[in-house]
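Remarks on the structure that follows.
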Protein chains: 2
Amino acid sequence: MTKEMPPKIIIPADPEHQALRFNRVREAHQTETAEDYVELIADLIETQGEARVVDLATRFGVSHATVNKVILRLNREGLVVNKKYRSLFLTDEGRELAAKCRERHQVVTDFLKAIGVPDDIAELDAEGVEHHVSAETLKIFKAFTRKTRKIS
Amino acid sequence: MTKEMPPKIIIPADPEHQALRFNRVREAHQTETAEDYVELIADLIETQGEARVVDLATRFGVSHATVNKVILRLNREGLVVNKKYRSLFLTDEGRELAAKCRERHQVVTDFLKAIGVPDDIAELDAEGVEHHVSAETLKIFKAFTRKTRKIS
DNA sequence: CTCAAAGTGTAGCCATGGCAACAAATTTGA
DNA sequence: TCAAATTTGTTGCCATGGCTACACTTTGAG
């Protein structure tokens with residue numbers, strides 16, 4: 001668009017490629033909320049017997065109105081089932097996603113701890129990082145953690 | 001909020017603490033855009049001599065209208081200076097932030113490569129991960145990369 | 001059984017960051 | 001020089017995810 005034919009100046013990085021990178025991050029953001037919600041819903045159902053709007057709101061530190069709005073979207077997207085004034089449930093797809101996320105979350109947390117990040121910080125960082133780690137990197141994380149555990 | 005006094009059910013994680021985690025991620029998101037923009041503006045100024053709206057739009061893969069909107073915000077926040085129909089500049093604060101981001105970006109990328117992530121994937125993942133890595137973890141990343149380099 | 005408390009839903013507001021379409025300025029090339 | 005192409009700005013639309021305020025169920029204590 002800017003200067004195609006006359007390459008009078010060094011191109012630091014292929015613009016198109018860089019755009020792909022940022023698109024990838026944007027897409028990740030769109031799924032992040034969904035992932036966090038289904039993961040927590042699954043957790044709550046397991047540990048508390050049911051997932052309720054109040055609990056989600058408390059855990060996420062947002063208002064129940066916000067939770068409701070997100071739940072509406074997740075319902076629309078076929079991840080969550082909700083009946084009025086009743087606790088929340090996951091669809092098969094939701095459960096699947098939750099499982100995947102939990103697994104990934106664990107891998108990232110374990111990896112961070114394995115390389116020496118203090119537990120509390122590892123938990124904090126994992127929360128943000130997990131959504132942006134590719135399958136390939138995840139595999140490497142897993143292998144690394146395994147290796148480290150053998151040694152120690 | 002839900003069940004304080006009667007702990008009839010196991011608490012899986014301190015809700016308040018978990019809320020802090022998610023708040024942290026949300027804050028990170030708010031700064032992400034700013035960080036990406038100042039970083040790219042700095043890059044463009046260095047390599048191209050100037051940073052222009054079109055270039056930012058191309059690199060980020062968004063419309064120039066979007067870029068303009070973000071620039072407006074960054075201006076409001078004192079990171080970017082823009083005069084109408086002129087190329088973009090960073091304030092001192094903006095330059096500082098850009099430097100910090102570039103450094104951090106490099107550390108994350110190098111670390112991923114050091115643990116064996118293929119270069120192209122490392123670049124991709126770093127883009128999303130960098131904004132969510134704490135100073136402590138970053139330090140550990142750096143140390144690890146250094147150590148690995150010595151070995152090889 | 002009733003009624004207040006707790007939980008849930010809804011409406012309306014805000015900022016962000018997407019977009020397209022149109023307007024205006026600047027740059028360029030013939 | 002001056003018209004066309006490019007770049008930039010603006011407007012108005014959308015979805016998301018924040019919030020408060022208010023309305024409505026459900027629940028549970030008395």
With angles folded into 0 to 90 degrees, how steeply does helix A:15-48 sit against the dominant principal axis of chain A? Use alpha carbons for both and round to 10. 20
Checking A:ARG24, A:ARG102, A:ARG73 against a Gaussian network model of chain A (alpha-carbon springs below 10 Å), the top fluctuating residue turns out to be A:ARG24
Sorted by chain and number, the residues with a modelled amide H under 5 Å from that of A:VAL81, at a separation of 5 or more or across chains, are A:PHE89, A:LEU90, A:THR91
Could you work out the relative contact order of segment B:25-151? I mean the mean sequence separation of Cα pairs under 8 Å and 6+ apart, divided by the number of residues, in percent. 24
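Over all residues in B:23-31, what is the mean tally of Cβ atoms on other chains that come within 10 Å of each residue's Cβ? Let's see the in-between values first.
Numbers: counts 3, 5, 10, 4, 1, 2, 3, 0, 0.
Across the residues of B:23-31, the mean count of other-chain Cβ atoms within 10 Å is 3.
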If you take every residue apart from B:PHE111 with its C-beta less than 12 Å away from the C-beta of B:PHE111, what net charge results, scoring Lys and Arg +1 and Asp and Glu -1? +4
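Could you tally the net charge around B:ALA122, taking each other residue with its Cβ under 9 Å from the Cβ of B:ALA122, Lys/Arg +1 and Asp/Glu -1? Don't skip to the end; give the middle numbers.
Values: positive: B:LYS113; negative: B:ASP110, B:ASP119, B:ASP120, B:GLU123, B:ASP125.
Computed value for this residue: -4.
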Rounded to the nearest 20 debye, what is the charge dipole size of segment A:36-152 about its Cα centre when +1 sits on each Lys and Arg Cβ and -1 on each Asp and Glu Cβ? 240
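Report the extension gain between A:GLU96 and A:GLU50 in nm, rounded to one decimal, defined as 0.36 nm multiplied by the number of residues separating them, less their alpha carbon distance. Numbers along the way, then the final one.
On the way: separation 46, 0.36 × 46 = 16.56 nm, distance 1.76 nm.
Taking A:GLU96 through A:GLU50 to full extension adds about 14.8 nm, to one decimal.
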Round to the nearest 10 and report in Å² the accessible area of B:PHE89, as given by a 1.4 Å probe over the protein chains' heavy atoms. 110
State which entries of A:LYS113/B:LYS142; A:LYS100/B:LYS142; A:LYS113/B:LYS150; A:LYS69/B:LYS100; A:LYS113/B:LYS113 exceed 27 angstrom in Cα-Cα distance in the structure shown. A:LYS100/B:LYS142; A:LYS69/B:LYS100
If a/c stays under 1.5 just call it rounded; otherwise compare a/b with b/c (prolate if a/b is bigger, oblate if not). Do that for chain B, with a ≥ b ≥ c from the square roots of the Cα gyration tensor eigenvalues. oblate
Farthest towards the positive end of the dipole of chain B, among B:HIS131, B:ALA42, B:LEU112 and with Cβ unit charges of +1 on Lys and Arg and -1 on Asp and Glu, lies the Cα of B:HIS131
Compute the angle between helix B:92-114 and the longest alpha-carbon principal axis of chain B, please, reported from 0 to 90 degrees and rounded to the nearest 10. 60
So what's the angle, to the nearest 10 degrees on a 0 to 90 scale, between helix B:64-76 and the longest Cα principal axis of chain B? 70
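Assigning unit charges at the beta carbon (Lys, Arg +1; Asp, Glu -1) and nothing else, what dipole magnitude in debye, to the nearest 20, does the protein assembly as shown show about its Cα centre?
Values: 48 positive and 50 negative charges, 2 e Å.
Dipole size: approximately 0 debye.
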For A:ARG95, A:ARG76, A:ARG52, give the ranking by accessible area with the largest first, probe 1.4 Å. A:ARG76, A:ARG95, A:ARG52
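Averaged over its residues, how many other protein chain Cβ atoms are within 10 Å of peptide A:54-61's Cβ atoms? Numbers along the way, then the final one.
On the way: counts 3, 4, 1, 4, 6, 10, 8, 10.
The per-residue average across the peptide is 6.
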Under the helix-only model (-39500 (n - 2.57) for each DSSP H run of 4 or more, divided by the residues of the protein assembly as shown), the mean residue ellipticity at 222 nm, to 500 deg cm²/dmol, is -23500 deg cm²/dmol
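The values are calculated or read from the model by the stated rules, or taken from the named source; none is laboratory data. If you're wondering where the values come from, they're calculated on a predicted model, not measured in any experiment. Reconstructed Cβ throughout: ideal geometry from the backbone, glycine too, with neighbour counts over all protein chains shown. Keep in mind that these areas ignore ligands, DNA and RNA; they rest on the heavy atoms of the full protein, side chains included. Shrake-Rupley method; radii C 1.70, N 1.55, O 1.52, S 1.80 Å.
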